[in-house]
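Asks: Encoded as structure tokens, here's the structure I'll be asking about.
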Amino acid sequence: MLFFFSRFLIYSGMDKSAGFDSVADYYDVLAGLIFGKAIILSQTIFLGFIPENSRILVLGGGSGWWLPELLQRKPNCSVVFIDPSARMLDLAKRNVKNDARVSFVCGTENSIIEKSAYDVVITFFFLDMFSGPELNVLLRKLIITLKPDGIGLVTDFVDTKWWHKIFLSTMYIFFRMVSGLGNQKLVDWSVSLKDAGALEVADRYFYGDFIKSAVFKFRPSGVA
Ligand SMILES: C[S@@+](CC[C@H](N)C(=O)[O-])C[C@H]1O[C@@H](n2cnc3c(N)ncnc32)[C@H](O)[C@@H]1O
């Protein structure tokens, strides 16, 4: 009885606390089945932009399947990995075999309290969960927590073709049902980033231009 009630709460989108725990175990497999190699390429393509010895903040990192590659390519980096899903964090810890270079925080963007603390912030398929006003607040937080000349690696969906809209609507309905995701509309995050003063220094598109990866410089030297 309790089981059916909890399912009802999740499927009706009322149980916001359930979050991504319920999908964590099959999230990566599902993403791989739908998007194939694009999901891997889009999240690893710009790791080379990360300066050596960086302090890196990862927000909404999920299972962090790409962390081992990052740690191998940038051995002197340290990572703070924030995600509110305990199950996702368990998977990420297992993926890095409890590597001491990675600190895990079960939390959200509200757990970020440090100023000018990070060289790099990474968000992969994270910004799409925020409405326009929420995204503006989030970006302000990220800018404050980054060091001057800090960079952002962003990978997320874009909405430029008719079929992108169909994919997006389906995904938003799915994630509303299984994780209680509130936002149901993709914000043009590139524009929000630029409005927040970020400068796009590299970009690549994948999967019929449905996925965009970009590198942003948040406070270019010499710009107030
Ligand atoms: C769509 S998944 C993407 C996971 C991973 N980045 C990937 O691409 O495979 C979004 C992730 O963000 C986490 N999340 C949801 N709300 C969050 C928040 N406010 N702050 C940080 N992470 C959040 C979820 O638990 C989930 O792991």
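The values are calculated or read from the model by the stated rules, or taken from the named source; none is laboratory data. Please read all numbers here as calculations on a predicted model, not as lab measurements. Cβ atoms come from the backbone with ideal geometry, glycine included; neighbour counts cover every protein chain shown. Surface areas here come from the heavy atoms of the whole protein model, side chains and all, with no ligands, DNA or RNA. Shrake-Rupley method; radii C 1.70, N 1.55, O 1.52, S 1.80 Å.
Asks: Quick one: GLY48 ticks every box in (1) within 14 Å of the ligand (Cβ to nearest atom); (2) over 13 Å from the mean Cα position of the chain (by Cα); (3) open to solvent by less than 70 Å² (accessible area, probe 1.4 Å) bar one, so which box is it?
Replies: Evaluating GLY48 over (1) within 14 Å of the ligand (Cβ to nearest atom); (2) over 13 Å from the mean Cα position of the chain (by Cα); (3) open to solvent by less than 70 Å² (accessible area, probe 1.4 Å) leaves (1) as the failure.
Asks: Here's a follow-up. Consider the range 69-86. How many of its residues are within 14 Å of the ligand (Cβ to nearest atom) and surrounded by fewer than 18 Cβ atoms within 10 Å (Cβ to Cβ)?
Replies: 2
This table checks each residue for (1) open to solvent by 30 Å² or more (accessible area, probe 1.4 Å); (2) under 17 Å from the mean Cα position of the chain (by Cα).
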site: SER169; (1), (2): yes, no
site: ILE173; (1), (2): yes, no
site: VAL178; (1), (2): no, no
site: LYS185; (1), (2): yes, yes
site: VAL201; (1), (2): yes, no
site: TYR205; (1), (2): yes, yes
site: ASP209; (1), (2): yes, no
site: LYS212; (1), (2): no, yes
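Asks: Test ILE143 against the criterion of being open to solvent by less than 60 Å² (accessible area, probe 1.4 Å) and at pLDDT 95 or above, and give yes or no.
Replies: Answer is no for this residue.
Asks: Confirm whether ASP159 is out of contact with any Pro (no Cβ under 9 Å at 6 or more places or on another chain), at pLDDT 95 or above and not in a helix (DSSP H, G or I).
Replies: Considered against the rule, which asks whether it is out of contact with any Pro (no Cβ under 9 Å at 6 or more places or on another chain), at pLDDT 95 or above and not in a helix (DSSP H, G or I), ASP159 comes out as yes.
Asks: Filter the range 119-129 for residues that are open to solvent by less than 10 Å² (accessible area, probe 1.4 Å) and farther than 19 Å from ILE40 by Cβ and give the result.
Replies: The answer is VAL120, VAL121, LEU127.
Asks: For the subset of the range 176-194 comprising residues that are part of a helix (DSSP H, G or I) and free of Cβ contacts under 8 Å to residues at least 24 places away in the same chain, which member is nearest to ILE50 (Cα to Cα)?
Replies: Restricting to residues being part of a helix (DSSP H, G or I) and free of Cβ contacts under 8 Å to residues at least 24 places away in the same chain, the top hit is LYS194.
Residues are listed down the side, and each one gets a yes or a no for (1) at pLDDT 95 or above; (2) within 16 Å of the ligand (Cβ to nearest atom):
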| position | (1), (2) |
| --- | --- |
| PHE5 | no, no |
| MET14 | no, no |
| SER17 | no, yes |
| TYR27 | yes, yes |
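Asks: Report yes if VAL96 is within 13 Å of the ligand (Cβ to nearest atom), of a type in the set (Val, Ile, Thr) and crowded, with 18+ Cβ neighbours inside 10 Å, otherwise no.
Replies: Against the criterion (within 13 Å of the ligand (Cβ to nearest atom), of a type in the set (Val, Ile, Thr) and crowded, with 18+ Cβ neighbours inside 10 Å), VAL96 does not qualify.
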